[in-house]
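Taken together, the values in this text are just the output of simple stated rules run on the coordinates, not laboratory data. The model shown is predicted, which means the values in this text are computed figures rather than measured ones. Cβ: placed from backbone, ideal geometry, glycine included. Neighbour counts: every protein chain shown.
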Amino acid sequence: MRMMDAEFSSTTFVVLDVELRSQLGGPVPAAVAALALSGKYWQPLWRVHRDIHEERTLSSERPRPPRLLHELPEGSAGLALQEIERHLTAQPHRIVVALGFIEAALLRNERAACPRLASLTLWDAVALARRACPDVEGGLEPLAQKLGVNLRPGRRPATEEASAVSQVFQRAVEHGATAGRWSKFSQLEDIAGTVPKPVEAQYLPPATVQGSLFD
């Protein structure tokens, strides 16, 4: 990405999407997908897709403590997110989402299983695309159309949605940079970034591991 600064180029962007299914008591996660891109020339780095097979809603009137890894059943959301966390390196990362309310809630609920992932700043691709295309009203679909990204109508599975969000994010960054709206990582962080609540110390890895993961 020659139009952006060195901080942007040295960052790995993890595009994250959570697919939901409906059930009595509220929606539950059905799948999670992630794909990672280098900020330098949008080089693809890795992909993860995991189906989720548990009946645990995202919200509850009585929030439960997050579950530790040894407490997680097969097919759980926590294990799916932990698989994504295993791909994170010492390089700086940002999570990219479309709006991101669902993803933020799931990361918070499962933060004991993925403390670094749950600690990352989330960038809203929709907010960024709106700033890049101020003449467009609406959400992901009209913004994608403006930016030349073809989306299949209707609900899309997690992997397809993550790919769509990734394309909108890339096009929005390039469109805004070409128009002179931004050229620095810090400008995009101010527009689209949301810092999550800190993960409690008891869920973080030992200090020696933290140093390599969080620096």
Looking at the square roots a ≥ b ≥ c of the eigenvalues of the Cα gyration tensor of the range 159-202, which shape do they give, rounded for a/c under 1.5, prolate if a/b is larger than b/c, or oblate? oblate
Using a/c under 1.5 as the rounded threshold, could you call the range 118-204 rounded, prolate or oblate? The axes a ≥ b ≥ c are square roots of the C-alpha gyration tensor eigenvalues, and prolate needs a/b larger than b/c, oblate otherwise. oblate
Local electrostatic count, Thr12, Cβ distance below 11 Å [Lys/Arg +1, Asp/Glu -1]: +2
What translational D, rounded to a whole number of µm²/s, comes out for the range 21-91 from Stokes-Einstein when the hydrodynamic radius is the Kirkwood one over Cα pairs, at 4 °C and 1.567 mPa s? 92
Along the dipole axis of the chain (charges at Cβ: +1 for Lys and Arg, -1 for Asp and Glu; origin at the Cα centre), the most positive-end residue among Ala162, Gly78, Leu140 is Leu140
C-alpha long axis of helix 158-178 to longest principal axis of the chain, angle in °: 30
For the range 48-149, what does the alpha-carbon gyration tensor say about shape, rounded, prolate or oblate, given a ≥ b ≥ c as the root eigenvalues, a/c under 1.5 as rounded, and a/b over b/c as prolate? prolate
Taking mean projected area of the Cα convex hull in nm² as the quantity of interest, determine which of [x] 17.7; [y] 12.1; [z] 15.4 was computed from the displayed structure. [y]
Exposed-site-free run, longest, the chain (rule: trypsin sites (Lys or Arg not before Pro); DSSP loop; at most 12 other C-beta within 10 Å): 3-85
What lysines does Lys184 reach when the alpha-carbon gap must be under 20 Å and sequence neighbours fewer than 8 apart in one chain are set aside? Lys40
Using θ = phi - 60° and the Karplus curve 6.51 cos²θ - 1.76 cosθ + 1.60, what whole-Hz ³J(HN,Hα) does each residue of the range 30-44 get, with Gly and Pro shown as x? 10, 6, 9, 9, 9, 9, 10, 10, 7, x, 8, 6, 6, 5, x
Rounded to the nearest 5, what % of the DSSP beta bridges within the chain are antiparallel ones? 75
How much length is gained on full extension from Ala90 to Gln202, taking 0.36 nm per residue of separation minus their Cα-Cα distance? 38.2 nm
With each pseudo-label sitting 7 Å past Cα toward Cβ, what's the Trp46-Ser186 distance in nm, one decimal? 3.1
